[in-house]
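See structure below.
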Amino acid sequence: MRETGLIAIILALFIVMSFASPYFLTWVNMRAMVMAFAVEGIVVVGMTILLISGGIDLSVGSVTALAMVIAGWLFLNGVDPWVASAISIAACTGIGAFMGFFVTRVGLHHFIVSLAVMVIARGACLLGTGGRPLGLYTLPPEFKFIGQGSIGPIPVVILLFLFIVIGFDFMLRRTTMFRKVFYTGSNEKAAAYSGIQTKKVVFFTTTLCSALCGVAGIIYMARFGSAQPTFGIGMELNVIAAAVIGGASLKGGSGTIFGAILGAVLLSVVSSSLALLDVSVYWQDIIRGSILLAAVSIDHYLVKKRG
Amino acid sequence: MRETGLIAIILALFIVMSFASPYFLTWVNMRAMVMAFAVEGIVVVGMTILLISGGIDLSVGSVTALAMVIAGWLFLNGVDPWVASAISIAACTGIGAFMGFFVTRVGLHHFIVSLAVMVIARGACLLGTGGRPLGLYTLPPEFKFIGQGSIGPIPVVILLFLFIVIGFDFMLRRTTMFRKVFYTGSNEKAAAYSGIQTKKVVFFTTTLCSALCGVAGIIYMARFGSAQPTFGIGMELNVIAAAVIGGASLKGGSGTIFGAILGAVLLSVVSSSLALLDVSVYWQDIIRGSILLAAVSIDHYLVKKRG
Amino acid sequence: EGLKCEPGETYIMNVMVSGHPYWVPVYQGFKQAAEAFGCETVFSGTPDYDISKQIASFEQDMVKQPAGVLLHPMQSDPFIEPINRAIESGTQIVTFAADSPKSNRTAYITSDNLAEAKFAAEEIVKQIGESGEYAVLENPGQSNHDLRVTSLISYMEDNYPDMKLVGRQATNQDSNAAYRATASILQANPNLGALWIPEAGSAEGAVAAVLEAEADVLIMHADITPTTLEHIKAGNIHMALNPNQGMQGFMGFMATFLAAHSDVFDPFNDYKVSGYNPVQIPYVDNGFAVITKENADSFDLNAYMEGRDPS
Amino acid sequence: MTDDPILTISRLSKSFGPIHALREIDFELRKGEIHAVAGENGAGKSTLMNVIDGILQPDSGEILFDGKPVRISSPAMAQKLGICFVHQEIALCPDISVAENIFMAATNSSRSFLMDYAALERKAASILSELGSIPPAALVRTLSISQQQLVEIAKALTLDCRVLILDEPTAALTEKEAQTLFGIMRRLAAKGISIIYISHRMVEIFDNCDRVSVFRDGRYITTRNVADIQPSDVVNAMVGRVIDELYPKKQAEAEKSDDVILEVRNLCERTGFEDISFDLKKGEILGIAGLIGAGRSEIVKGICRLEGEVTGDVRLNGRPLNLKSYKDSIAEGVVYLSEDRKGDGVFLEMPIAANISALKLEQVANGLGLIQRSREERQAKELGERLNLKCGSLADPVSSLSGGNQQKVAIAKMLSINPKLIFLDEPTRGVDVGAKAEIHRILRNLVRTGVGIVVISSELPELIGVCDRVLVIREGTIAGEVSGAQMTEENIMHLASFGGASAARH
Ligand SMILES: Nc1ncnc2c1ncn2[C@@H]1O[C@H](COP(=O)(O)OP(=O)(O)OP(=O)(O)O)[C@@H](O)[C@H]1O
Ligand SMILES: Nc1ncnc2c1ncn2[C@@H]1O[C@H](COP(=O)(O)OP(=O)(O)OP(=O)(O)O)[C@@H](O)[C@H]1O
Ligand SMILES: [Mg+2]
Ligand SMILES: [Mg+2]
């Protein structure tokens, strides 16, 4: 399995950390660590699929924020929160379709289209809120439940995350529909020659990624009970990094959701560990970056060695 | 020429703006507009060359900040500012070589290596300054001259910028050394099969990009008389966008410095114009993103039409 | 016995963007107060501008069961539940510089951004007269910066209707963006009299643009950096308003410490039956300093930190 | 075979900017026939096929399929009509398994939701077993070019097609695989499937096809029954003039020399080959033959230090050749023409002139290291003319050239540095008859001036026609050597398949 190296590295980190800090292997700490990346993990799923198809999306942070802002604004203006959420996810899907149009019809590169949309969506967040966070503590408890509730000991957020991750991982590995995503990303021309409508595929993955940002935004809103226009700045790099650490290629054609989530876990464990060990902030970034580089190098070495 | 469309779009913006605001076409405004992107333009040069060779660098913002911090710190510790600057540029070159090593020897992707270095360099900035900006007003006037002085009516910054841009544009078009950068980016395997040591080429372009960040950092330091550890956050997207708008391909093998600088001009003119027209901040991002998208689409259309 | 820490009794200060220099003097105040009571301190939080990460770091702080946390919540509502959970498990929470009013935190220490804005407005009017043009740079989305700008504008509208707001640009603490925006504002408004900037990063770029254009514009800004300090000394910046960070940390510790030692206090109210902490301090203003040419030398953070441990 | 046409094309035109790739073409394909299409490089053959497959849209003209006018807007649509296309340029997904590649179109049109990998691999294995041995689970990235070519063919065979287009499918295949393919073609034709077969090899056309259509400069020239004509008639129609001899005169007895240009001893590579020893003498063209995957390319790349970790002694003109990298090899004047022109032979998106100058930029630069555009263009122009390169402007990207012309660019690049020793791996892959003769003549002339030439080719007639001596490689070792009258297809095939021992028994 491509991911064995990554799993080994994460396990090694866990072992080191459980010696370094008595708090590390506690239930609370584990839950905090998973909660810290679970919602972003949903965006990682969308990004991974998009990367496999040969695209990239820099707008994920802004679009996630916009999802919160749209749903929050609608709710404050009297719309039922579930309806508001549905409208918001639909709007994000529309943004994805908008990007998909520019990529597949106009023929621009994903990078530049999503960069423009990143700026536009951030502007829309500011416009919708006047730059101030929307307080949504009046959200009904059954809605907040999706972000704050637990079923048994497991937070709903984590269940949603697992549901989406496992579902898409399965589909990506096994369904004919998602295999076309691989074909398109691996060699668009070859895919087109086999009758695959590659533009439709790219349009679909672009739209799906934004739609999943919408879902993530709604969960964030339920979790935080607010909508922050500045949410998710810089999220794109984190999300892409997770996918790439997990083996996705920026050239398209390869990647797995399982790997990408492991990438997200790795990044999150490192951040959490540094915080837990009270490492000086002035050293944190240096250590974080170095561990990232080391982990990727080791993983690369292991993958290459296995052939 | 590939750049004709872009020039036309910029000219159109100029014409519209000179009607919209009587202040637009003044010497002072033009100078301010050029000053606003001149130093970043030096980084754009490095990024364009790196993109042509098939690489990318997310660390440019941090490395530029680190250049300021290293030189500033040395200066505050009694080192002659010129010597401090030389050491700082050498250090940035070293960082580039470090990245080049991981890319060419370890075999990692530019994206992930430069992302890690972006984090590490930012951490180094924090460590070197304790997170506090360094005040460097005691820099000797002959040093500040490179950032604040003028020769005749032309600021030194602009002269330096033009010197670097024209120099590298010429070299990229004409020298055998830089031609190999195109070969490598166009088809690395074919380049290797032409006896080009592609790893050396990529190592060189990676190093050059960081070295130019070093130069830019020193000029910024002389210009602002301070070294800010948080300088240049998000700069990478701007810089890559400029290169891509100017026709550089993220797949490598194509791009021109002239085009990339036009891309930077376009982004800068749009920002300046929105400020000059006092457009509401809540609308600015939306307008800026939309103009970017429109400009790239029009340019793409014109290039395609010409064949 | 009395108001003294047990050995190992720890207080944590948790912030977002923990590398930001703003926290440095705050933490010094926090630490100095703690030392006076024999308490231990930890500086914690996330280096990122990311609420999920800050919540995770806050929850990780709780694993260590500190006596109290002085918290700068990146957003108010998302912290309600974590704060309440922390208090239930015996850790006292006080907020500073940003609040979570609907939570059960016992105190809130902050600068009065309205007071800063009002002071700045009065100073501008004093310097350039009751009718003139002024502009602002801003940083939409960051609440304290936002407040400094919007309340200055509405104060002007209410009290000095002849003051005309001619430029309003978002520069997001980026000196190069501020340079560009200021240059354009100066172009479009040759009669510009004053410029109000809610933070120091943008001020650095704005001064460069004003100096280059050789314009006669009064610059005022909030917060301070070594470079703007030098510009104040050189007369390029009229003055800066700097929140009293030391007091913020000092009072922040006091409020947290007192909440954790509330057993010394038996007030005349219902706290015993209702179960809340008796040491409730709804709002503390830590005040601000006005930095001018005359007193500038006292505001060199690097000089202040000489020989002190930042963490 | 009947006389009913399945596909009729009339007055069809297609231009790329100023280049008229097709001008008022007429073409008719009958049910169950194998119809060859011949023409020089750049005649418009691939363009016409791309139009039939819906990859390109014609500027004007009409296509009748089964008697009904159709507009084929995409490969998907072509598939629905039952048109299958094996492309001249290999287009496979490198990161995907062989089995998935083969069934990509089936997966696309499949109505089932889930993939059935086991069934895919099973079916792929059964198709591949007919063509050659390729593991269905392997990633395409790990295959050699010839193996990829087989996968490309397998892909088309899985489809339920009525018209099968094969655009130079045998260019990278050896005799054995080619014969298998012809067998399959005839079987399909007997079932009523119509086949368009494009090739520059006259023998193949005359052995296997029913009719042949000839194109020249984007124009339709003629269609004839193969039975009624001679190969030379086709060539004449293609070129518009008579080509007197396909292969130049071989080395004369008087030209034989004992001077050794290249001496290879005990060359080994851990995974690829072992104990390779041979000499290349002055004045001779040495051929290397073998089956697919025998290791011919690997040996030669090993000598040039392009790939692999090679041990053993190599001497050039008596001096030991201690190369560290291919760069050194070029500096010594030893160059390699790759069999994979798209993958590592040319820079597709760069100008033709810049491609040709890539091996030694110093030749077109002045003392300061500045490239002189005029010199670069002149070099490209001279070599282009020598090789009969058909192109618009030398500043156009190589991707705008026809396959054969791209190959000429790759050859021009090799010749640009006046090398001492050239290894050519499938040098005339996709090159038309006229140009091929020209290339052979150039090789012979180079040999006369003392340049060493080693040719790897899967086309046995070419090896036999051009070389003075042929080494046969089998599973990474030298199975034998033939020269003079011994150089027959049978002998070479036998050595390649069974090795030296059984050949001796022969
Ligand atoms: N994408 C393109 N852009 C510009 N010109 C093209 C393009 N594709 C083909 N051409 C031109 O069209 C003409 C016909 O090319 P085509 O590929 O059909 O030739 P061909 O007969 O298949 O040749 P070959 O035997 O070399 O494969 C050539 O002159 C070629 O340069
Ligand atoms: N990139 C690669 N990765 C893995 N195996 C390879 C690669 N390239 C070639 N091979 C394998 O190496 C063996 C020798 O290949 P080589 O290309 O030298 O053979 P060849 O005799 O030139 O045959 P042909 O080129 O006709 O396939 C083959 O089995 C091939 O599958
Ligand atoms: Mg062709
Ligand atoms: Mg071969």
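The values are calculated or read from the model by the stated rules, or taken from the named source; none is laboratory data. Quick caveat, the model's predicted, so the values are computed rather than measured. No Cβ is skipped: glycine too gets one built from the backbone with ideal geometry, and neighbour counts run over all protein chains shown. Note: accessible area is taken over every heavy atom of the protein model, side chains too, but ligands, DNA and RNA are not part of it. Shrake-Rupley method; radii C 1.70, N 1.55, O 1.52, S 1.80 Å.
Scan around A:Ser150 for amide H atoms under 5 Å from its own, H built in the peptide plane at 1.01 Å from N, and keep only partners 5 or more places away or cross-chain.
A:Val156
How large is the translational diffusion coefficient of region D:264-370 in µm² per second when you combine the Kirkwood radius over alpha carbon pairs with Stokes-Einstein at 25 °C and 0.890 mPa s?
This corresponds to a translational diffusion coefficient of 155 µm²/s.
Which value, in Å², gives the accessible area per residue of region B:126-185 when a 1.4 Å probe is used on the protein heavy atoms?
Normalised by residue count, the accessible surface of region B:126-185 is 42 Å².
List the GluC sites (Glu not before Pro) in region D:298-393 that DSSP assigns to loop (not H, G, I, E or B) and whose Cβ has at most 11 other Cβ atoms within 10 Å. Which are they?
D:Glu309
Could you list, bin by bin from short to long, the percent of Cα-Cα pairs of region A:207-266 in 10 Å steps?
21, 44, 29, 6
For a label point 7 angstrom out from the Cα of D:Glu475 toward its Cβ, which stretches of region D:100-135 have the backbone nitrogen within less than 15 Å?
Backbone N within reach: D:133.
Can you give the convex hull volume per residue for the Cα atoms of region D:1-108, as a whole number of Å³?
131 Å³
So what's Rg/Rh here for chain C, counting alpha carbon atoms and using the Kirkwood radius for Rh?
1.02
Once a ≥ b ≥ c are taken as the square roots of the eigenvalues of the Cα gyration tensor of region C:157-255, is the result rounded (a/c under 1.5), prolate (a/b larger than b/c) or oblate (a/b not larger than b/c)?
Prolate, since a/c reaches 1.5 and a/b exceeds b/c.
Considering the Cα trace of region B:1-125, what is its radius of gyration and what is Dmax, both in angstroms?
19.1, 56
If you add up the charges near B:Phe101, with Lys and Arg at +1 and Asp and Glu at -1, over every other residue whose beta carbon is less than 13 angstrom from its beta carbon, what do you get?
+3
Return the carbon/sulfur percentage of the accessible area of chain D, one whole number, probe 1.4 Å, all protein chains in place.
The C+S portion of the solvent-accessible surface of chain D is 48 percent.
Add +1 for every Lys or Arg and -1 for every Asp or Glu among the other residues with Cβ under 12 Å from the Cβ of A:Thr176, and state the total.
With Lys, Arg at +1 and Asp, Glu at -1, the net is +3.
What does the accessible area per residue of region C:177-311 come to in Å², with a 1.4 Å probe and no ligands, DNA or RNA counted?
Here the residues of region C:177-311 average 40 Å² of exposed surface.
Which semi-axes, in whole Å and largest first, does the equivalent ellipsoid of region C:122-208 have when worked out from the alpha carbon gyration tensor as the square roots of 5 times its eigenvalues?
Each semi-axis is √(5λ); the values are 20, 16, 10 Å.
In whole angstrom, and with the biggest value first, how far do the Cα coordinates of region A:150-190 range along each principal axis?
49, 14, 9
To one decimal in nm, how far is A:Arg173 from the same spot in the other copies, if labels go 7 Å from Cα toward Cβ? Please give the shortest first.
5.5
Once you charge only the Cβ atoms, +1 for Lys and Arg and -1 for Asp and Glu, what is the size of the charge dipole of region D:121-264 about its Cα centre, to the nearest 20 debye?
Rounded to the nearest 20 debye, it is 820 debye.
Could you calculate the FRET efficiency of B:Ser290 with D:Gln179 from 1/(1 + (r/R0)^6), where r is the beta carbon distance between them and R0 is 51 Å, rounded to 0.05?
Efficiency for this residue pair is about 0.25.
Loop sites only, by DSSP: take the GluC sites (Glu not before Pro) in chain C that have at most 13 other C-beta atoms within 10 Å and name the longest stretch containing none of them.
Maximal segment without exposed cleavage sites: C:2-129.
What are the residues whose amide H is under 5 Å from the amide H of D:Ile453, where those residues sit 5 or more places off or on another chain and H is modelled from the backbone?
Amide H neighbours of D:Ile453, under 5 Å, 5+ apart: D:Leu286, D:Ile422.
Leaving out ligands and nucleic acids, and using a 1.4 Å probe, what accessible area per residue does region D:183-324 come to in Å²?
On a per-residue basis, region D:183-324 sits at 49 Å².
What are the residues whose amide H is under 5 Å from the amide H of C:Val69, where those residues sit 5 or more places off or on another chain and H is modelled from the backbone?
Amide H to amide H, under 5 Å and 5 or more residues apart or across chains, C:Val69 pairs with C:Ile12, C:Gln92, C:Ile93, C:Val94.
Please state, to two decimals, what the Cα-based radius of gyration of region D:5-55 comes to when divided by 2.2 N^0.38 Å (N = residues).
1.16
Quick check on my link table: of D:Lys281/D:Lys301; D:Lys68/D:Lys342; A:Lys199/B:Lys305, which ones sit more than 28 Å apart, alpha carbon to alpha carbon?
Too far apart for the 28 Å limit: D:Lys68/D:Lys342.
Mind listing P(r) for region B:171-307? All alpha-carbon pairs, 5 Å bins, whole percents.
2, 8, 12, 18, 17, 15, 13, 8, 4, 2, 1, 0
For region C:178-311, what number results from the quotient of the Cα radius of gyration and 2.2 N^0.38 Å?
The value comes to 1.51.
Using a ≥ b ≥ c from the Cα gyration tensor of region B:48-189 (square roots of the eigenvalues), is it rounded, prolate or oblate, where a/c under 1.5 gives rounded and otherwise the larger of a/b and b/c decides, a/b for prolate?
Since a/c reaches 1.5 but b/c is at least a/b, the shape of region B:48-189 is classed as oblate.
From the C-alpha coordinates alone, can you work out the Kirkwood hydrodynamic radius of region C:39-147, in Å?
By the Kirkwood definition, the hydrodynamic radius is 16.1 Å.
Between C:Ser298 and B:Arg105, how many nm apart are label points set 7 Å from Cα along the C-beta direction?
5.5 nm
Running Debye on chain D with equal point scatterers at the Cα sites and no solvent, what base-10 log of I(q)/I(0) appears at q = 0.06, 0.07, 0.08 Å⁻¹?
Computed log10 I(q)/I(0) values: -0.28, -0.39, -0.51.
Note down the relative contact order for region A:1-125 as a percent, whole number, built from C-alpha pairs under 8 angstrom at least six residues apart.
28 percent
Towards the positive end of the charge dipole of chain A, with charges on Cβ (+1 Lys, Arg; -1 Asp, Glu), say which of A:Ser272, A:Val69, A:Phe14 has the farthest Cα.
A:Phe14
So how compact is the protein assembly as shown: Cα radius of gyration and Dmax in angstrom?
35.9, 125
Would you tally the net charge around A:Ile166, using a Cβ to Cβ cut-off of less than 14 Å, leaving A:Ile166 out, and scoring K and R as +1, D and E as -1?
+1
Go through D:43-55, B:159-171 and give me the packing order, highest mean Cβ count within 10 Å leading.
Listed from highest to lowest mean packing, they are D:43-55, B:159-171.
Could you list the trypsin sites (Lys or Arg not before Pro) in region C:43-89 that lie in coil according to DSSP, counting only those with at most 12 other Cβ atoms within 10 Å of their Cβ?
The qualifying sites: there are none.
Given a 1.4 Å probe and no ligands, DNA or RNA in the count, how much accessible surface is buried by A and C, both sides, to the nearest 100 Å²?
Separately minus together, A and C give about 2900 Å² buried.
Taking the Cα of D:Ala252, stepping 7 Å toward and past its beta carbon, and measuring to each backbone N in region D:443-477: which are under 15 Å?
Counting backbone N atoms under 15 Å from the label point, the list is D:445, D:448-449.
Could you tell me the convex hull volume per residue, in Å³, taken over the Cα atoms of region D:374-506?
Residue-normalised Cα hull volume stands at 122 Å³.
In nm, to one decimal, how far is the D:Asp3 label point from the D:Ile19 one, both placed 7 Å along Cα→Cβ?
Distance between label points: 3.9 nm.
Which whole number gives the average, over all residues in B:227-233, of C-beta atoms from other chains lying within 10 Å of the residue C-beta?
The per-residue average across the peptide is 5.
Based on the Cβ-Cβ distance from A:Ala20 to D:Asn418, what FRET efficiency comes out when R0 is 51 Å, to the nearest 0.05?
0.20
Students often check this: by mean Cβ neighbours within 10 Å, which of B:270-276, A:92-98 ranks highest, and how do the rest follow?
B:270-276, A:92-98
In whole Hz, with x marking every Gly and Pro, tabulate ³J(HN,Hα) for region A:243-252 from phi via Karplus 6.51 cos²θ - 1.76 cosθ + 1.60, θ = phi - 60°.
Values, residue by residue: 5, 5, 4, x, x, 6, 9, 6, 8, x Hz.
Rounded to whole Å and sorted largest first, what semi-axes of the equivalent ellipsoid does the C-alpha gyration tensor of region D:305-346 yield via the square root of 5 times each eigenvalue?
Three semi-axes, in Å: 22, 12, 9.
What distance in nm lies between label points placed 7 Å from Cα along the C-beta direction at A:Tyr137 and B:Ser280?
Modelled inter-label distance: 2.9 nm.
State, as an integer percentage, the relative contact order of chain A based on alpha-carbon contacts under 8 Å between residues 6 or more apart.
Relative contact order of chain A: 35 percent.
So if I average 1/r over every pair of distinct C-alpha atoms in region D:326-392 and take the inverse, what Kirkwood radius in Å does that give?
It works out to 13.2 Å.
Average the reciprocal distances over every distinct pair of alpha-carbons in chain B, invert the result, and give the Kirkwood radius in Å.
20.0 Å
Grab the DSSP H runs of the protein assembly as shown that are 4 residues or longer, score each as -39,500 (n - 2.57), total them, divide by all residues and round the 222 nm result to the nearest 500 deg cm²/dmol.
Estimated from H runs of four or more residues: -17000 deg cm²/dmol.
Let me spell out the model: positive unit charges on the Cβ of Lys and Arg, negative unit charges on the Cβ of Asp and Glu, origin at the Cα centre of region D:197-338. What dipole size does that give, in debye rounded to 20?
So the dipole magnitude of region D:197-338 works out to roughly 420 debye.
Could you give the length gained on full extension between D:Thr271 and D:Arg386, defined as 0.36 nm per residue of separation minus the Cα-Cα distance, in nm?
Working it through step by step, the gained length comes to 37.4 nm.
Cut-off 19 Å, label point 7 angstrom out along Cα-to-Cβ of C:Lys272: give me the residues of region C:1-30 whose amide nitrogen falls inside.
Under cut-off, by backbone N: nothing.
Over chain D, what is the relative contact order in whole percent, taking alpha-carbon pairs under 8 Å and six or more residues apart?
16 percent
Karplus couplings for region D:273-283 from phi (6.51 cos²θ - 1.76 cosθ + 1.60, θ = phi - 60°), rounded to Hz, Gly and Pro as x?
In residue order, the calculated couplings are 7, 9, 6, 8, 9, 6, 10, 10, 8, 5, x Hz.
Kindly give the semi-axes, whole Å and largest first, of the ellipsoid equivalent to region D:126-198, taking each as the square root of 5 times a Cα gyration tensor eigenvalue.
21, 13, 11
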